[in-house]
Amino acid sequence: MWQQSMSDPRAGSSSTRRRKRWLWTPTLLAAIALLGALTSPIGGAAAKDNDGQRVSGAGKTIIEGGTGGASPMPVTTLVAFNASQHSGSFECLALAPPQATGPGSGEFSINAMYVTGRVTSVEVTKQSAILRGRATVTGIGAGHDEPFTATVTSGGPGATVVLEISGLTFREILVEGRINVE
């Protein structure tokens with residue numbers, strides 16, 4: 001409708017059309033600036049909610065000592081998480097080989113444990129973070145609504161993840177990927 005009146009010769013003089021266009025320009029720019037402030041990670045509600053405490057990461061780890069015991073089997077995990085101070089998600093899939101030695105012992109194809117949960121709090125201290133939440137666990141330590149704590153250090157290969165869940169503690173070393181603590 002606005003465009004139609006601008007092109008309609010009956011809409012008024014060219015100076016009236018310029019004035020109307022001049023009035024819309026600042027309004028449009030103000031609306032764009034407001035939208036940008038609300039969605040920007042620098043300003044608006046999103047930045048205030050997490051108070052700068054954010055942690056994210058994804059990669060492949062190896063569990064220190066594997067399954068443990070006299071003849072430990074290696075265990076690798078695929079881990080991924082993304083959280084702010086009050087919310088986020090945590091995923092960890094532990095894979096083991098079908099047998100300890102011989103053919104297939106280097107193939108991590110057995111789903112030993114899967115943890116999928118919601119992060120309810122994050123505590124950041126220098127180069128590490130503690131994520132707490134509740135998760136569903138399948139395989140080893142199976143259960144629903146299980147409390148968990150994941151302590152992570154920032155960095156690439158060599159960074160660590162310590163997952164405590166279902167009364168178990170898993171000490172993991174990142175071999176691929178990255179963990180970011182902000």
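The values are calculated or read from the model by the stated rules, or taken from the named source; none is laboratory data. Everything quoted here is computed from the prediction, not taken from an experiment. In this analysis, Cβ positions are derived from the backbone assuming ideal geometry, glycine residues included, and neighbour counts consider all displayed protein chains. Only protein heavy atoms, including side chains, enter the accessible area calculation; ligands, DNA and RNA are left aside. Shrake-Rupley method; radii C 1.70, N 1.55, O 1.52, S 1.80 Å.
Quick notes on this structure:
- Test: SER121 is open to solvent by less than 80 Å² (accessible area, probe 1.4 Å), part of a strand (DSSP E or B), in contact with a His (Cβ under 8 Å, 6 or more places away or on another chain) and under 18 Å from VAL162 (Cα atoms): yes
- Restricting attention to the range 141-166, the residues that are of a type outside the set (Phe, Trp, Tyr), part of a strand (DSSP E or B) and under 24 Å from VAL181 (Cα atoms) total 13.
- Looking across the range 74-118, just one residue is among the aliphatic types (A, V, I, L, M), modelled with pLDDT of 95 or more and assigned to a loop (DSSP other than H, G, I, E, B), and that is VAL75.
- Cβ-Cβ distances below 7 Å connect no pair with a first residue in the range 149-175 that is without any contact (Cβ under 8 Å) to a residue 12 or more places away in the chain and among the polar types (S, T, N, Q), a second residue that is open to solvent by less than 20 Å² (accessible area, probe 1.4 Å) and part of a strand (DSSP E or B), and a separation of six or more residues or different chains.
- Any chance PRO98 is open to solvent by 70 Å² or more (accessible area, probe 1.4 Å) and either out of contact with any strand residue (DSSP E or B) (no Cβ under 7 Å at 6 or more places or on another chain) or touching a residue at least 40 places away in the same chain (Cβ under 8 Å) (or both): no
- Picking from residues in the range 60-73 that are closer than 28 Å to VAL181 by Cβ and assigned to a loop (DSSP other than H, G, I, E, B), the one that is most open to solvent (accessible area, probe 1.4 Å) is GLU64.
- Filter result for THR169 (in a strand (DSSP E or B), over 15 Å from the mean Cα position of the chain (by Cα) and surrounded by fewer than 14 Cβ atoms within 10 Å (Cβ to Cβ)): yes
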